[in-house]
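Down below is the structure, laid out as structure tokens.
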Amino acid sequence: MVYGRFFDLFLQLFMEGAMTGRYLAKPCAALLVLASTLSQASASSITISDPFIQWFNVGPNNLGFSSGEIIRYGADSVVPNGVSGGTTGVATTINAATGQTITRILTGQTSPGTPNFFQGNLAICTTSCGSLANNNPANLTNPWTLTFNNPNTSPTSAHTTVSLAGQGEIPFVQSVTLSGTGQTPTFSWAPPPGTTVEGYRINIYQNNLITFSNGHVVNNGLVVSTNLSPSITSYSVTPSDFTIPGTSLQSNTQYTIEINALQTRNGSSTNLLNGNVQALSRVYSNFQILPNGTPPVNLPTTTVSNGQITYGFNLTVAPGVTYNIDPASAIGYIFRTGLGDPNFASVTLPTGNSGLYELLLWNGTSWAFDANLAGGQLFNFGGTGVSEFEVLGINPGLDPNNPVAFITALTFEGAGNFTGTMTPVTAAVPEPSTWAMMILGFCGVGFMAYRRRNIAGIVN
């Protein structure tokens, strides 16, 4: 209908021009009007799907994603998207305490699983915020307006409103374990203690697909994503869950699993879309397809305490049993038991180091040299054992991404739980964002640490 009317108009003006000798002026003017009107008539509008705002508790990771206690807002899909479609976005709200308008940027991201994802986030402040008053959740109780703009759409903008719900951040899942050496490994975990969970979300990222631009994620590398009910605390990688049909885990390729604990706005355990998720927590662990014969691996929960990342464990131990620890490249590591844990009885460091290791013990005020150790040499601490020790001189050439590259064997003085920590030592005191991710193994279970930097950006 639109095309027909303008064709008739164009033909009429063309004939009029032919009769008057003005062959070009009126027909070309009509053509310009036609093009402009057709462009407006055929331009698509901005479509916003599943907008959200959430309490977001994110563990340190090796993907370059920001970590900490965050408020996240955005939409699962905005079409046209913000990477190739030209859409931009802002989120605004009114500070409930000061009455000032808060304006935050929304950025577009893409991946096989979330090609049109938009999000923004702010790290929250709850005490002594000062100039960070706009980051205090107590001041963010008013609705947020998410506005998306694109000059090539008609209309050129669209908006939606979301509001925070729930009581705040939720803790991480615990005792994440990886088993299986094929393309369908199984991950299991324990729910966060004392926390209501309405569901879980499993995301797997292929690390070499992740790209950034100006500090923002462009491709988040998400290759697997699935939601699980709260009664399910294990997941085996399934071909149908890949975001690109027909793909699978590849050998000699680094991946990262992200396990989310979810709380929903309406208490539903079936509607786990972001728009109905009020709070979620995320833990990350790096992995790859393991060689045949590799035993199960226990991935510890990584948390931030007093500005420092620590790696906590919760394992039952017994005297006379060897527990294998597998850190990655750093010049050393500090091993500590938790409160009430049995002491370390012995340590055996791996072979293949370029030189001798240095073993240091805590003398009450500082670390003091105790012995040089060769790889494979059993060292007994003697007496009632020790609650902490430091190892230096680790060969930096060891592959930090190989889960069997560096096995350290420990024994304990008595039965009980090992709830201790392991902290990497570097040449300089690192910022919290540069601490490694760790994996603990026991009775043939490996433990790895992965050292990566954090850049802004969190997805899905």
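The values are calculated or read from the model by the stated rules, or taken from the named source; none is laboratory data. Remember, it's a predicted structure, so these values are computed and weren't measured experimentally. Don't worry about glycine lacking a Cβ; one is built from the backbone with ideal geometry, like all the others, and counts go over all protein chains shown. Just so you know, the surface numbers come from the protein's heavy atoms only, side chains and all, with ligands and any DNA or RNA stripped out. Shrake-Rupley method; radii C 1.70, N 1.55, O 1.52, S 1.80 Å.
Here are some notes:
- For region 80-89, the criterion of a residue being in a strand (DSSP E or B), at pLDDT 95 or above and either out of contact with any His (no Cβ under 7 Å at 6 or more places or on another chain) or under 19 Å from G275 (Cβ atoms) (or both) is satisfied by at least one position.
- Options T92, T114: the member that is at pLDDT 90 or above, under 25 Å from the mean Cα position of the chain (by Cα), of a type in the set (S, T, Y) and open to solvent by less than 70 Å² (accessible area, probe 1.4 Å): T92
- Residues located in region 192-233, provided they are aliphatic (A, V, I, L, M) and either modelled with pLDDT of 95 or more or surrounded by fewer than 19 Cβ atoms within 10 Å (Cβ to Cβ) (or both): V197, I202, L209, V218, L228, I232
- Identity of the residue in region 123-144, in contact with a helix residue (DSSP H, G or I) (Cβ under 7 Å, 6 or more places away or on another chain) and crowded, with 19+ Cβ neighbours inside 10 Å, that ends up farthest from V218 (Cα to Cα): N139
- Of the residues N372, N353, the single one that is more than 30 Å from Y200 (Cα to Cα) and at pLDDT 90 or above is N372.
- Of all the criteria given as (1) of a type outside the set (F, W, Y); (2) surrounded by fewer than 22 Cβ atoms within 10 Å (Cβ to Cβ); (3) at pLDDT below 85; (4) part of a loop (DSSP other than H, G, I, E, B), the one not satisfied by P60 is (2).
- The strands (runs of 3 or more DSSP E) found wholly in region 132-244 and carrying at least 2 residues that are over 24 Å from T88 (Cβ atoms) occupy 174-179, 186-190, 199-206, 222-228, 234-236.
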